[in-house]
Structure formats: structure tokens, C-alpha cells
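K.L.:
The structure under discussion is supplied below as C-alpha cells; questions concerning it will follow.
The values are calculated or read from the model by the stated rules, or taken from the named source; none is laboratory data. In this text the structure is predicted, and so the values were computed from the model without any measurement. A quick note on method: Cβ atoms are made from the backbone with ideal geometry, for glycine too, and the neighbour counts reach across all protein chains shown. Each accessible area value is taken on the protein alone, full model and side chains, heavy atoms only, with ligands, DNA and RNA left out. Shrake-Rupley method; radii C 1.70, N 1.55, O 1.52, S 1.80 Å.
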Amino acid sequence: MAVIREAIEVAEDRAEAQGVHEALYAAIRGLSERRHDVVVLRYLLELPDPIIAEYLDTTEVNVRSTASQALTRLARALHPERGER
């Protein structure tokens, strides 16, 4: 699935070029590879969960769980003053 890997790189470049806030971009880059890929595939490329699950060789439930975990980590990275919830 080299095509999807290339699409992830294109989406990252596009996000950076469109002026995605530096802190958000840095936080996304700081995620684990799996969480990073889910965020890029789901939110930047807007791929549906079944396609993401197939690419990552996992289940749709795992994709949703990973996305939730990634968003929690991004929120903590971007708003550390809010602390644990």
C-alpha cells in the first residue's frame, strides 16, 4: 500500500503549506506512528474507517479507538494547562 503512504506524505505537506498551526502540526508529528497515520488518513485525507482499517490491517473499532486516543493526546499536547481529565 505504498500509494497510501505517499498520500499521507502529500497530506502532511498540504497541511503544512495551508498554514496548519505549527503547534498542531508538531503535535501530530509527535504521535506514535499508528496514531499519526490514523489522524492523517481520517482527518486530513478524509478516508472512511473501513479503508483505514484495511490499510493498517486492523479493525474499524481499533481505528476509532486509535483516533480517540490520538485526539486525547493532541488535546493534552496543545492544552497542557487543562491537565488530566
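K.L.:
Do the conditions hold for residue 7, that is, is it more than 23 Å from residue 76 (Cβ to Cβ), surrounded by 13 or more Cβ atoms within 10 Å (Cβ to Cβ) and at pLDDT 95 or above? Before you say what the answer is, go through the steps one by one.
P.N.:
On the way: more than 23 Å from residue 76 (Cβ to Cβ): yes; surrounded by 13 or more Cβ atoms within 10 Å (Cβ to Cβ): yes; at pLDDT 95 or above: no.
Here the answer is no, as residue 7 does not meet what is asked.
K.L.:
In region 30-85, which residue that is polar (S, T, N, Q), open to solvent by 50 Å² or more (accessible area, probe 1.4 Å) and not in a helix (DSSP H, G or I) is nearest to residue 13 (Cα to Cα)?
P.N.:
Filtering region 30-85 for residues that are polar (S, T, N, Q), open to solvent by 50 Å² or more (accessible area, probe 1.4 Å) and not in a helix (DSSP H, G or I), the one nearest to residue 13 (Cα to Cα) comes out as 32.
K.L.:
Filter region 53-70 down to the residues that are touching a residue at least 24 places away in the same chain (Cβ under 8 Å) and under 11 Å from the mean Cα position of the chain (by Cα) and list them by number.
P.N.:
63, 66, 67, 69, 70
K.L.:
Which residue pairs have Cβ atoms closer than 9 Å, lie 6 or more positions apart in sequence or on different chains, and pair a first residue in region 23-37 that is closer than 8 Å to residue 70 by Cβ with a second residue that is assigned to a loop (DSSP other than H, G, I, E, B) and open to solvent by less than 60 Å² (accessible area, probe 1.4 Å)?
P.N.:
Once the first residue is closer than 8 Å to residue 70 by Cβ and sits in region 23-37, no partner that is assigned to a loop (DSSP other than H, G, I, E, B) and open to solvent by less than 60 Å² (accessible area, probe 1.4 Å) comes close enough.
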